[in-house]
Structures are given as structure tokens and as C-alpha cells.
1. With the requirement that a residue be in contact (Cβ under 8 Å) with a residue 60 or more places away in the chain and either closer than 18 Å to Glu83 by Cβ or charged (D, E, K, R) (or both), what does region 318-336 give you?
2. Has region 434-442 got any residue that is β-branched (Val, Ile, Thr), assigned by TED's automatic domain parsing to the domain that holds Ser486 and surrounded by 18 or more Cβ atoms within 10 Å (Cβ to Cβ)?
3. List pairs: first residue in region 280-308 and modelled with pLDDT of 95 or more, second residue in a loop (DSSP other than H, G, I, E, B) and of a type in the set (Val, Ile, Thr) anywhere in the structure, Cβ distance under 6 angstrom, at least six positions apart or on different chains.
4. Give me a count of the residues in region 465-481 that are crowded, with 20+ Cβ neighbours inside 10 Å and either closer than 13 Å to Leu363 by Cβ or under 22 Å from the mean Cα position of the chain (by Cα) (or both).
5. Does Asn312 satisfy being out of contact with any strand residue (DSSP E or B) (no Cβ under 7 Å at 6 or more places or on another chain), assigned by TED's automatic domain parsing to the domain that holds Thr448 and modelled with pLDDT of 95 or more?
6. Consider Val66 against the criteria (1) assigned to a loop (DSSP other than H, G, I, E, B); (2) more than 19 Å from the chain's Cα centre (by Cα); (3) of a type in the set (A, V, I, L, M, F, W, C): it satisfies all of them except one. Which criterion is unmet?
7. Specify the residue that is nearest to the chain's Cα centre (by Cα); the eligible residues are those in region 121-135 that are part of a loop (DSSP other than H, G, I, E, B) and of a type in the set (Lys, Arg).
8. Sort out which residues of region 58-97 are farther than 18 Å from Arg325 by Cα and β-branched (Val, Ile, Thr), and write them in order of number.
Amino acid sequence: MKSLKNVLIFTFMVILSNAYAQEVNKKILNWYNGKKYGMSTDKAYKKVLADKKATKVIVAVIDSGVDIEHEDLKDIIWTNTDEIPNNGIDDDNNGYIDDVHGWNFLGNADGENLNDVQLEMTRIYQKFDSIFKGKSYADLSDEEKKDYDLYKEVREKVKENREKAEKSVKQMENLYESFSEADTRLKKHFGGEYTAKDLKKVKKDPELSDDARMMNNLFKAGYTVEDFEDIVKYYQSQFDYHYNPEIYPRKLIGDNPDDFTDTDYGNNDVEGPDAMHGTHCSGIIAAIRNNGIGNNGVADNVLIMSIRAVPNGDERDKDIALAIRYAVDNGAQVCNMSFGKAYSLQSEEVIKAIRYAEEHGVLLVHAAGNSGMDIDDQEANPNFPSPKFPSMSKRFTNWIEVGASTRYKKHLAASFSNYGDETVDIFAPGLEIWSTVPQSEYEISQGTSMAAPMVTGLAALLKAYYPELTMFQIKDIILKSGQDVSDKLLPIPGGKTKVTMGELSITGKIANVYNAVLMAEEMTSKK
């Protein structure tokens with residue numbers, strides 16, 4: 001059963017960063033706002049900000065969607081006051097009809113929404129297959145050869161991963177069936193639900209001992225039989241969508257995804273069919289503090305603008321570029337971007353959009369990714385979008401790249417977190433994060449997707465209480481004021497080799513709200 005435990009942990013914690021419902025341990029609840037390896041958020045409010053006034057700051061969450069009716073978020077959702085709701089008119093002439101709380105770039109005018117899509121490598125394979133299939137390498141031009149090399153690379157990856165996904169579906173379905181049958185027999189024996197203590201009572205029963213051993217190992221891994229349904233769905237989604245070159249989901253939207261001037265698409269459903277990820281990030285940023293429910297967000301004077309652009313699969317460069325521009329044009333001062341992919345055919349358009357945000361002083365906070373790899377090496381480990389694309393000589397000045405830290409001294413860098421002492425700016429809490437999810441519920445999730453909104457919340461907090469600071473100054477404060485853990489020795493993410501935190505990021509620090517607030521106080525008091 002040890003291999004099963006590893007499969008579960010890898011699938012849920014690393015690949016999916018998926019949430020699992022449970023009663024939250026008091027040690028986990030809001031730990032990221034606390035002391036030690038938390039961000040000392042509560043200390044900042046208590047010691048420095050208690051009597052200070054703040055202004056509202058608009059934060060764009062570019063993600064899978066946000067549940068704008070969530071009990072802990074509904075009062076902090078951004079409203080476009082220049083738009084008259086549901087009148088079918090673009091009242092403010094910004095190009096988007098009835099965009100009251102943001103925009104959904106993954107839908108159409110009929111209210112239909114796109115969710116399950118291919119990975120970018122599959123789309124590349126699909127695009128080039130009709131061009132290069134059956135052609136000889138010797139007959140190609142130099143420019144065509146570059147595309148052909150890429151085509152061969154992704155073709156092999158797609159085929160290999162699709163075969164793996166198909167096998168994994170069958171394996172997980174078999175495991176699910178075995179555990180379901182064992183669970184059914186045990187429930188029949190105990191007359192209903194049972195505990196780990198109950199399982200000990202039948203460990204020597206010749207008819208139930210194997211069942212008890214199986215379920216006990218599953219309990220120890222922290223999962224239930226029902227969790228297997230999500231694992232099966234995950235691999236099924238890989239087979240049906242992520243690595244399937246025979247489909248074209250984008251036809252639902254009706255635009256040309258390669259034409260960045262074709263912008264007349266989408267709808268105002270900013271929640272969409274699966275808003276778990278975006279809702280969880282939003283709660284980290286700004287869930288109402290100290291209201292006796294759920295979690296406490298980092299910032300307390302935020303308006304969340306929901307921009308839906310990240311599906312189940314790889315996001316389109318066009319959607320991301322337009323999402324960034326929408327955020328800038330509609331008043332967002334910081335964007336949370338907890339997404340990424342390994343290929344980007346239209347990166348220049350994304351760069352233009354990031355430059356647009358840079359010109360307007362808008363800060364972009366990006367999750368480093370969950371592959372446990374060194375993303376300094378863009379050739380070996382490509383990761384888009386990036387603080388410095390391969391075509392650039394210098395980094396963007398309005399960008400913060402965030403890795404995930406934990407509350408554990410010996411494993412301070414999360415095992416899944418990407419890293420790089422030239423690319424990742426800073427770490428922030430990203431393991432065991434309790435936050436908002438749709439239907440006014442709360443769950444634990446982990447990933448650099450959770451670490452990025454920690455920093456986004458900090459940036460918004462500083463802008464709210466110290467509005468005279470530019471977002472560039474705020475970026476500098478965040479990076480300079482972090483808790484210095486650069487000399488901490490720990491296993492490198494994804495491996496066993498011991499390194500220091502200083503080797504995993506540019507600063508060797510964990511974002512710290514209290515330190516940042518003190519630095520902002522000092523800077524503004526001198527003016």
C-alpha cells in the first residue's frame with residue numbers, strides 16, 4: 001500500500017493542488033497570518049494598522065472564476081459602477097457588455113462556458129500535424145525546420161502522456177473498485193460508518209482482515225474511498241482533453257484564438273462551471289477578517305475583480321493577454337496570476353500586455369509552479385508566463401514570482417514548489433492553506449497557486465494603507481522586508497539534496513506583512 005499512498009499524495013498535492021474537505025485543525029487555520037514561518041499579518045494589524053485609515057484597492061484575480069456570492073467574499077466583490085446590469089448594452093464603452101463584476105473570456109454570448117481543454121503542447125501538435133505529416137525533413141525551409149522540430153517534440157510527448165493517462169484510468173478504476181468493495185463489506189459488518197479503532201477489532205478476522213488493512217492504509221494516507229473518484233476523473237480528463245489532438249473545444253467560443261484583434265467574445269459569468277481555484281485564491285487575498293467564519297484574508301480593504309481566463313487545461317495566450325489589459329483598463333492595481341504552462345506560441349502578445357500593465361504601474365504577482373524544478377533554465381524547464389521570456393534581455397519591473405513555503409522548519413520550501421535563484425523572487429505560505437471555495441464552503445489546498453495570493457494580498461494591503469506608494473515601490477518593499485531564511489538548510493524541492501533557501505530564490509526570504517508595513521511606515525513618514 002505504500003505505492004498507493006505515494007500516488008495519492010503526488011496526484012492530490014503536486015499535480016492537482018486539489019482541495020480536500022475536512023474539519024480544519026486549529027494549527028492550520030490561518031497559520032499563514034501568524035508568526036514563525038507565517039507572514040505575521042495579525043501582528044501588523046494589531047501593532048501598526050489598528051488606527052490607520054485605508055482606501056479601497058482593486059485586485060484582479062485572473063483565474064478559473066470566483067464565486068462572487070460566497071458568504072466571505074460577496075461584500076468585497078468589485079462592481080463596475082459605470083455599467084447598468086443586464087441591459088445588454090456596453091454602457092461604459094469598454095468593449096464588454098454588462099461586465100458588472102469582471103469578464104469571462106471562456107464563454108460565449110449565449111451564456112455557454114468552456115472548461116475542459118487541451119494542453120498547449122497538444123494544440124501545437126494538432127496545428128502542425130496537418131502541415132508536416134508525411135513530409136521529409138530535407139524538403140523543409142530553415143524556418144519550417146524549427147517548427148518541425150517543435151512538432152516532433154510535442155508529438156512524442158502527447159502520444160506518451162495519452163497512453164499513460166489511459167493506463168492510469170484503468171489502474172485507478174480498479175483500485176477504486178477494490179476499495180469500494182472493501183468499504184461496503186466493512187460498513188455492513190459495523191452497521192454503518194467506522195473508524196480506525198474499529199478496524200483494529202477485525203484485523204485478525206479471516207474474512208475482514210485484508211479489507212481492514214486496505215482501509216487502514218487509506219486512512220493513514222489521509223484519504224477516503226470517494227477521493228478515488230476525483231483521481232479517476234483527473235486521469236480521464238487527461239485522456240479525453242489534455243492530450244487529445246482530435247478535439248477542438250474552442251469552437252464553443254467562436255473566436256479565432258490566433259487573432260488578437262478578434263476581441264468580441266466572452267460573457268459576464270465570472271464564476272463559470274468550476275470556480276474552486278479562483279475562489280480559494282480570492283479568500284487568501286481578502287476574505288473578510290475576524291468575522292467568525294472561514295479564514296482571514298491578508299488584506300482588509302480590497303475589491304476582487306474576477307477575470308475568468310484559466311480553464312481545466314492550458315490557458316490561451318490570447319485570453320491571458322486580454323485579461324491583463326482588461327484588468328489595467330478597469331482600475332486594478334495588482335493582478336493575481338496563479339497559472340502557467342510549458343509552451344507559449346504567442347508569447348510576444350503576452351509580453352505586450354505585460355508591458356501595458358508595466359506602463360500603467362500595475363503589479364503582476366505570479367505563481368512559480370508546482371513541478372519541483374529549477375525554472376532558471378527556461379530551455380530545459382520552460383514555464384510561461386515568466387518574469388523574463390527567452391526573447392527578453394531584462395526582467396519585467398512590475399513582476400513578482402512566488403514559490404511556496406511551509407510551516408515546517410526542516411521542509412521550509414514545499415516539496416512541489418518550483419524554484420530558481422534568478423527567477424523566483426520570494427517564497428510565501430503555500431501548504432495546508434484553509435480558504436474559501438464555492439457554495440460558501442472552506443477547504444484546504446496547497447500549491448504555489450496559494451503562495452501567490454499571499455503576496456498579492458500583501459501588495460494590496462500596502463497600497464490600501466499607503467496609497468502614495470507606487471506599485472514599484474511596494475514591490476521593492478515586499479522583496480526587501482521578507483523574513484530572511486536564506487541560510488536555512490533543507491531538501492531541494494522534488495529531491496533529497498540539501499540546499500539553502502538562499503539557493504532557491506533571489507531574496508532567500510519569506511514574505512512578511514509586519515516587516516513590510518514597518519518599512520512602508522518608515523518610507524512614507526520621511527515624505
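1. Narrowing region 318-336 to residues in contact (Cβ under 8 Å) with a residue 60 or more places away in the chain: 318-324, 326-327, 329-336.
Listed by number, the residues that qualify are Lys318, Asp319, Leu322, Ala323, Tyr326, Ala327, Asp329, Asn330, Gly331, Ala332.
2. Let us first name the residues in region 434-442 that are β-branched (Val, Ile, Thr), namely 436-437.
Still in the running and assigned by TED's automatic domain parsing to the domain that holds Ser486: 436-437.
From the residues that got through so far, the ones that are surrounded by 18 or more Cβ atoms within 10 Å (Cβ to Cβ) too are 436-437.
Yes; the residues of region 434-442 include at least one that is β-branched (Val, Ile, Thr), assigned by TED's automatic domain parsing to the domain that holds Ser486 and surrounded by 18 or more Cβ atoms within 10 Å (Cβ to Cβ).
3. From residues that are modelled with pLDDT of 95 or more, the pairs are Ser282/Val66; Ser306/Val66; Ser306/Val270; Arg308/Val270.
4. The total comes to 5.
5. Values: out of contact with any strand residue (DSSP E or B) (no Cβ under 7 Å at 6 or more places or on another chain): no; assigned by TED's automatic domain parsing to the domain that holds Thr448: yes; modelled with pLDDT of 95 or more: yes.
Criteria not met by Asn312.
6. (2)
7. Keep residues of region 121-135 that are part of a loop (DSSP other than H, G, I, E, B), which gives 133-135.
Okay, now just the ones that are also of a type in the set (Lys, Arg), so 133, 135.
On the way: Lys133: 36, Lys135: 40 Å.
My answer is Lys133.
8. Selection gives Val66, Ile68, Ile76, Ile77, Thr81, Ile84, Ile89.
The values are calculated or read from the model by the stated rules, or taken from the named source; none is laboratory data. If you're wondering where the values come from, they're calculated on a predicted model, not measured in any experiment. So basically every Cβ, Gly included, is an ideal-geometry build from the backbone, and we count neighbours across all protein chains shown.
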